[in-house]
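J.: Following this message is one structure expressed as structure tokens.
The values are calculated or read from the model by the stated rules, or taken from the named source; none is laboratory data. Note that the coordinates shown come from a computational prediction; the quantities given were computed from them, not determined experimentally. All Cβ positions, glycine included, derive from the backbone under ideal geometry; neighbour counts span all protein chains shown. Note: accessible area is taken over every heavy atom of the protein model, side chains too, but ligands, DNA and RNA are not part of it. Shrake-Rupley method; radii C 1.70, N 1.55, O 1.52, S 1.80 Å.
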Amino acid sequence: MSSSIDLARELQVAIATGKVSIGYKSVKDAVLGGRAKMVVLAANAPPRVRGDLEYYSKIAGTPIFVFPGSSLELGAAARKPFKISAIAIIDPGQSEILKLAGHA
């Protein structure tokens with residue numbers, strides 16, 4: 001596999017074959033509950049959302065990947081018709097999305 005991972009494709013595979021939480025509150029709950037293996041954060045996530053999730057993720061030792069696009073683009077990448085500021089990867093399923101955080 002090439003070193004560049006197609007984030008949108010891996011995100012869709014994770015959603016289809018694994019388990020993810022979408023949205024600030026459910027992502028925060030997943031991180032605090034120790035269930036999140038990785039957090040994907042939209043580049044334009046509101047400062048409070050970004051600050052909170054970075055803080056909780058640091059405490060929990062959960063890696064954060066900043067999606068290089070807006071919350072609308074993150075929503076589109078996840079094939080959802082709405083803005084998404086954050087996604088927690090709980091179970092990557094058959095995707096290789098955790099490689100983005102340096103975890104194989």
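J.: Enumerate the aspartates and glutamates that residue 83 could reach by cross-link, defined here as Cα to Cα under 12 Å, with residues fewer than 8 away along the same chain left out.
T.: Once the sequence-local aspartates and glutamates are set aside, what remains near residue 83 is 73.
J.: As a test of the formula, what do you get for the chain when each DSSP H run with n ≥ 4 contributes -39,500 (n - 2.57) and the sum is divided by the residue count, at 222 nm and rounded to the nearest 500 deg cm²/dmol?
T.: -11500 deg cm²/dmol, from helical runs alone.
J.: Okay, next question. Between residue 48 and residue 9, 0.36 nm times their residue separation minus their Cα-Cα distance comes to what?
T.: Roughly 11.2 nm would be gained on extension.
J.: At a 1.4 Å probe radius, carbon and sulfur cover how many percent of the accessible area of region 24-75?
T.: 56
J.: At 1.4 Å probe radius, can you tell me the per residue accessible area of the chain in Å²?
T.: 54
J.: Further question: Restricting to the chain, compute how many DSSP beta bridges are antiparallel as a %, nearest 5. Present the calculation step by step, with values, prior to reporting the outcome.
T.: Details: 8 of 12 bridges.
DSSP beta bridges in the chain are roughly 65 percent antiparallel.
J.: On to the next question. If R₀ is 35 angstrom, what is the calculated FRET efficiency for the pair residue 58 and residue 96, using the beta carbon separation as r and rounding to 0.05?
T.: Calculated transfer efficiency: 0.90.
J.: Please report, in debye to the nearest 20, how large the charge dipole of the chain is about its Cα centre when each Lys and Arg carries +1 at its beta carbon and each Asp and Glu carries -1 there.
T.: Computed charge dipole of the chain: roughly 240 debye.
J.: Find the Rg to Rh ratio for the chain, where Rh is the Kirkwood radius over alpha-carbon pairs and Rg uses the same atoms.
T.: My calculation puts Rg/Rh at 0.93.
J.: Counting only C-alpha contacts under 8 Å and six or more residues apart, can you give the relative contact order of the chain as a whole percent? Write out the running numbers ahead of the final one.
T.: Values: 192 pairs, mean separation 45.2, N = 104.
Computed over the chain, the figure is 44 percent.
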